[in-house]
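The values are calculated or read from the model by the stated rules, or taken from the named source; none is laboratory data. Note that the structure is a prediction, hence the values are computed from the model and not measured. Cβ coordinates were reconstructed from backbone atoms using ideal geometry, including for glycine residues, and neighbour counts include every protein chain displayed.
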There are 2 protein chains.
Amino acid sequence: MTVYSAPIQDMRFVLDQVIGFDQEIATLPGYEESTPDLVDAVLEEAGKLAGEVLAPLNQVGDRQGSVLENGVVRTPDGFREAYQQFVEAGWNALPFDPDYGGQGLPYALSTAVTEMWNAANTSFALCPLLTQGAIEAVGSHGTQVLKDLYLGKLVSGEWTGTMNLTEPQAGSDVGALRTKAVKDGDHYKITGTKIFITWGEHDCAENIIHLVLARLPDAPPGTKGISLFLVPKVLVNPDGSLGPGNDVKCASLEHKLGIHASPTCVMSFGDEGGAIGYLIGEENNGMACMFTMMNSARINVGLMGLSTAERAWQQALDYAKQRVQSADIAGGREPVTIIQHPDVRRMLMTMKSQTEAMRALLYYIGGAMDTSRRHPDAEVRERAQGVVDLLTPVVKAWCTDTGCEITSIGIQVHGGMGFVEETGAAQHFRDARIHPIYEGTNGIQANDLLGRKLLRDGGANAKAFIAGMRELDNVLASANGQHLPVIRTTLIQAIGELDAATDWLLETGPKDIHLAASGAAHYLNLFGTVTAGWLMAKAALAADAGSREGNGDARFYEAKVTTARFFADQFLTRAAALRRIVTDGGETVMAMTEDQF
Amino acid sequence: MTVYSAPIQDMRFVLDQVIGFDQEIATLPGYEESTPDLVDAVLEEAGKLAGEVLAPLNQVGDRQGSVLENGVVRTPDGFREAYQQFVEAGWNALPFDPDYGGQGLPYALSTAVTEMWNAANTSFALCPLLTQGAIEAVGSHGTQVLKDLYLGKLVSGEWTGTMNLTEPQAGSDVGALRTKAVKDGDHYKITGTKIFITWGEHDCAENIIHLVLARLPDAPPGTKGISLFLVPKVLVNPDGSLGPGNDVKCASLEHKLGIHASPTCVMSFGDEGGAIGYLIGEENNGMACMFTMMNSARINVGLMGLSTAERAWQQALDYAKQRVQSADIAGGREPVTIIQHPDVRRMLMTMKSQTEAMRALLYYIGGAMDTSRRHPDAEVRERAQGVVDLLTPVVKAWCTDTGCEITSIGIQVHGGMGFVEETGAAQHFRDARIHPIYEGTNGIQANDLLGRKLLRDGGANAKAFIAGMRELDNVLASANGQHLPVIRTTLIQAIGELDAATDWLLETGPKDIHLAASGAAHYLNLFGTVTAGWLMAKAALAADAGSREGNGDARFYEAKVTTARFFADQFLTRAAALRRIVTDGGETVMAMTEDQF
């Protein structure tokens, strides 16, 4: 059995010293209760549930998987009880509106807590993730009646939510969907089949609220003709009590590479005449509602990249400290623990530095979400929203690609034992592989970054963000010691490369979108690497200050500076190559005709 | 069911026009029979067996796996019959000594054929791979009696071979093994447990010849005290007939991430008093014998990286040509096949160019093996052996890391379907993940490249090889057209970076081996990238000449030049970053103390 221990010291470091939680987030209107003591208590308690309850179910969940029997999906042993415990302790409600029973805590804090659920048991954590999407869609676009009837139970987690987008012919191209909705009095009748529905059916909650994209009979083609509907598994009476079952069923479960405990359902709506659904938002405006769900889901999938990496890292580190094999390469007869071998150490430092970089990125975007919603100054809110919009595809794709790499390194550190399933390292590798795919493949994210986030506003938002990163150079200029000056030089070079790639795309995109899009994935990689490197530099500055102030654990701070330097040396230095591939490497991407393949 | 079609045109291109098979290999003494017609016939027939018999068993093998029941290992449905067909058609004997029933065909050709077995069914292909190791160990180090008794049946494949190195405490550190061998008349009694024994027990052949590393009672500690023994599953009478069973059994099978059809055994020797074994080579000289098996096995594992990538590539290409999703990014209403989307195209070009680069590298080392064994000029033989020695770790690690990346991209091209096991893309991803681990982890390969292959001779061999690559610049200097001049510039820069990294390691290694070894994996990556890029440049030159001569299929040649240019643009351009990481990026790798992790 593999274990997980929430890295609370690391989390607090990022919250307190990298993203300025106490000064900038806990001071936002409505967040006044997020005192350091409360944050401590929340992280402590969440860490216990994650480590003691959810983590031990991770491997059993993988082995048993969720199974469909006679129309009922049974989750693996222990999942029902764990979910009850999760709901009863109020964890599902953490970031949501107090008017509907939420605790109204900052997203930055919720991000740290959600990291724990994901790291402990990524299959389990998918369930509340989808519920969050439903809460945001209903909360932002639902009528008061729907809010009153559904939000309370969704916020508490007594009911769970799903997102029903994909159909066999409509994957990335949501606009191609064919599920039908026909108006029938105060509701609609929904008919169609959806695939890849995460936690579409299960035995952990008494009701499941499906958010379903469908098309009205007279709807225009493509994305402009889709509407969003709330389709409960069990109908809800006006007084909130449960009524009869709706015309919705799980037709089958997918047999997947990973996340076996998370039931991935084929959902069938309206086999017996039409499932009852309620419109969310305006007719034919489903895409806007969908993006409300989707954007937070994308960030949350990026968070899964971090989380699975953290779990894999803990396991690999533990193994590397215990496994004794071969003498030191510098000589000696006695075998040593493998953490002492340079190439193993390189792998561990890679895992550590990338994981910390992802954490900084995710908590940073969590803080930006809070600012965008709560800051009293509209201009500040807008600027923060700009950061969230810009970084959403970056966080989703960069953290999930990186998460896959880290879980693969996790296997490698284990040697042959890593390939044996009992060890558990392989599960993280399998589980992580879905992250670059769902909620929009990483290719879709790259196109989103290029098209919607860069070209649409002529680069204004991106250039402003890059200029903001460049300002750190002034702070770094006065830093000294062994590492910070090197981090400074490397960072400023890397920012320059990002800027150059951005300019090239802004110039090329309008002229030749195929050429620009050929480099979009590399550009996203460059953007993620540089932004993460910038945050690691901020972390290094904070740690350097902390260690000089005798502020706590000097060895901890020293390790933070060293890790940031490693990230600069081994990852920020790739910026020039990535820029070159973006600006000079695309000529042959589309050059071959299809018959030449 | 996924299909496989041997890429014979691509294979012939590399054999004929990149490594000069007809001029340089088929003309070696003993290879005169390898006429173009024979090569055609061999590739055609092998392609049929691979595509029609082995490939269809790949997915069923994954699902059923090999199972242990009452001491008997049953391979999945169809494997026994396929193996019989493989042996009866003489495929096992392809590259081996005609004195023992081999066909004596060149390794370069055998490499192409073995690529097919691996691509069709990597679990199946492991069986003859291990047999090859046994043949080479017995052939190179066995007594005449052992050769006469065992080689014929091993060469034909009627009996299969295994390599028994690993023990729980002795993985990478082979010298830590504890299996005992005690002399007992003309043979030895072997006692001990070996783990991770590929095809250690199965139902495809009537006998299994285990090559077992063990320690004599008075042996010195470490690698200088291990000896190699031949331990048959069934004892062999002096007349070659089968006698009683030996004291060897399979205690259990591992439950693995991939290659489920390949039985990975815990082997127990001597539970009933001692398994009868025969010494191979001298007492306490087992390491040298092991390296005879190991070096060819390492190249063959590199070949698996290529092969699994080729299989994943074929599947992804097929899907990308058929799957219709989303309109062209440049506009239009109708959805198109996804091969027309730039980011999908980028992924496909990555798969195609890397796979072709690996093929060039592997056939090149196959040709060097032939030259090293057959060339009449001792100096040429020695130089070729130098190339084989130098490139063995490079081929093993670079091709297996790249193979893992390619199989991951194969999943990504499939989107959500890639994560569903029925699609088959995920199997390649799982199967490929063992390659960077076995026959010496890729970290071990990096240390081998740095220590044994670079530092030991003061860089003489590596520097000569790099200088040889640089000579291509003279040929490229007279090339023109859209792509070749760019390839030239990029290649010469990349060779310069490799040279600089090499010099730095030669200077640093003797002073600070920890610092040098911290960059060893990146150096290996650089070495593989540049060598592959050099061979892709050779391929581009040949294709360019071919297309201008109207020599065959002009569109095919044009695609080869385009693909080489893509490789230069997107991979060779990373050389500078890799060099920088090697020479400037290692300072913090070993900087943290263990308690700081």
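Selection over region B:167-219 of residues that are outside any strand (DSSP E or B), closer than 14 Å to B:G133 by Cβ and polar (S, T, N, Q) gives a count of 0. Per the listing A:G225, A:G277, the residue uniquely surrounded by 24 or more Cβ atoms within 10 Å (Cβ to Cβ), touching a Lys or Arg at 6+ places or on another chain (Cβ under 8 Å), in contact (Cβ under 8 Å) with a residue 40 or more places away in the chain and more than 25 Å from A:N442 (Cβ to Cβ) is A:G277.
Just to be sure, is B:D544 within 9 Å of another protein chain (Cβ to nearest Cβ) and farther than 22 Å from A:F567 by Cα? Judged against the criteria, B:D544 is not a match.
B:P95 - would you say it is assigned to a loop (DSSP other than H, G, I, E, B) and either in contact with a His (Cβ under 7 Å, 6 or more places away or on another chain) or assigned by TED's automatic domain parsing to the domain that holds B:T264 (or both)? Spelling it out, it is not the case that B:P95 is assigned to a loop (DSSP other than H, G, I, E, B) and either in contact with a His (Cβ under 7 Å, 6 or more places away or on another chain) or assigned by TED's automatic domain parsing to the domain that holds B:T264 (or both).
Residue count for region B:547-558 satisfying the condition of being part of a helix (DSSP H, G or I) and within 14 Å of chain A (Cβ to nearest Cβ): 6.
If only residues of region A:246-261 that are assigned to a loop (DSSP other than H, G, I, E, B) and away from chain B (no Cβ under 11 Å) are counted, the one that is nearest to A:N207 (Cα to Cα) is A:N246. Any residue in region B:338-358 that's touching a residue at least 24 places away in the same chain (Cβ under 8 Å): show its pairings with residues that are part of a helix (DSSP H, G or I) and of a type in the set (K, R) at Cβ separation under 8 Å, as long as the two are six or more apart or on different chains. Cβ pairs passing all conditions: B:E356/B:K560. The sole residue among B:A517, B:A521 that is crowded, with 17+ Cβ neighbours inside 10 Å, facing another protein chain (nearest Cβ under 10 Å), at pLDDT 95 or above and touching a Lys or Arg at 6+ places or on another chain (Cβ under 8 Å) is B:A521.
B:R574 - would you say it is within 26 Å of the chain's Cα centre (by Cα), within 11 Å of chain A (Cβ to nearest Cβ), without any contact (Cβ under 8 Å) to a residue 60 or more places away in the chain and assigned to a helix (DSSP H, G or I)? Answer is yes for this residue. In region A:287-336, of all residues being away from chain B (no Cβ under 14 Å) and β-branched (V, I, T), the one that is farthest from A:Q132 (Cα to Cα) corresponds to A:T308. Of note, B:T160 satisfies the criterion of being of a type in the set (S, T, N, Q), assigned by TED's automatic domain parsing to the domain that holds B:V60 and farther than 25 Å from B:V395 by Cα. Has region A:292-306 got any residue that is on the phi > 0 side of the Ramachandran plot and of a type outside the set (K, R)? No, because not a single residue in region A:292-306 is on the phi > 0 side of the Ramachandran plot and of a type outside the set (K, R).
Looking across region A:49-97, the residues that are under 16 Å from A:A120 (Cα atoms) and either in contact with a strand residue (DSSP E or B) (Cβ under 7 Å, 6 or more places away or on another chain) or hydrophobic (A, V, I, L, M, F, W, C) (or both) come down to A:L49, A:A50, A:V53, A:L54, A:A55, A:L57, A:V60, A:F79, A:A82, A:F86, A:W91.
Go through region B:491-525 and give me each residue that's over 26 Å from the mean Cα position of the chain (by Cα) and either among the hydroxyl-bearing types (S, T, Y) or not in a helix (DSSP H, G or I) (or both). B:T508, B:G509, B:P510, B:K511, B:D512, listed by residue number.
Of the residues making up region B:341-358, those that are within 14 Å of B:Y319 (Cβ to Cβ) and not charged (D, E, K, R) number 5.
Taken over region B:280-296, the criterion of being surrounded by fewer than 24 Cβ atoms within 10 Å (Cβ to Cβ) and within 30 Å of B:M11 (Cα to Cα) is satisfied by B:F291, B:T292, B:M294, B:N295, B:S296.
For region A:308-343, which positions are buried (at least 24 other Cβ atoms within 10 Å of the Cβ) and either over 27 Å from A:I434 (Cβ atoms) or touching a Leu at 6+ places or on another chain (Cβ under 9 Å) (or both)? Listed by number, the residues that qualify are A:W313, A:A316, A:I338, A:H341, A:P342, A:D343.
The residue list A:R488, A:R470, A:R456, A:R433 contains one member that is out of contact with any helix residue (DSSP H, G or I) (no Cβ under 7 Å at 6 or more places or on another chain) and not acidic (D, E), which is A:R456. Taking the numbered list (1) over 19 Å from the mean Cα position of the chain (by Cα); (2) within 22 Å of A:F269 (Cα to Cα); (3) not aromatic (F, W, Y) in turn, A:T162 passes all entries but (1). Tallying residues that are outside any helix (DSSP H, G or I) and touching a residue at least 24 places away in the same chain (Cβ under 8 Å) within region B:362-415 yields 3.
The rows are residues; the columns are (1) surrounded by fewer than 24 Cβ atoms within 10 Å (Cβ to Cβ); (2) over 30 Å from B:V324 (Cβ atoms); (3) outside the structural domain of B:V582 (by TED's automatic domain parsing).
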site: B:W398; (1), (2), (3): no, yes, yes
site: B:D401; (1), (2), (3): yes, yes, yes
site: B:F419; (1), (2), (3): no, no, yes
site: B:Q427; (1), (2), (3): no, no, yes
site: B:D431; (1), (2), (3): no, no, yes
site: B:G443; (1), (2), (3): no, yes, yes
site: B:A446; (1), (2), (3): no, yes, yes
site: B:A464; (1), (2), (3): yes, yes, no
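Restricting attention to region A:39-73, and to residues there that are touching a Lys or Arg at 6+ places or on another chain (Cβ under 9 Å) and assigned to a strand (DSSP E or B), which single residue is nearest to A:S262 (Cα to Cα)? Once the filter is applied, the top-ranked residue is A:V67. The single condition among (1) more than 8 Å from every other protein chain (Cβ to nearest Cβ); (2) part of a loop (DSSP other than H, G, I, E, B) that A:F567 does not meet is (2). Is it true that some residue in region B:35-50 is surrounded by 17 or more Cβ atoms within 10 Å (Cβ to Cβ), within 20 Å of the chain's Cα centre (by Cα) and within 22 Å of B:F429 (Cα to Cα)? The answer is yes; a qualifying residue exists.
How about region A:418-428: which of its residues are closer than 21 Å to A:H255 by Cβ and more than 7 Å from chain B (Cβ to nearest Cβ)? Answer for region A:418-428, where residues must be closer than 21 Å to A:H255 by Cβ and more than 7 Å from chain B (Cβ to nearest Cβ): A:G424, A:Q427, A:H428.
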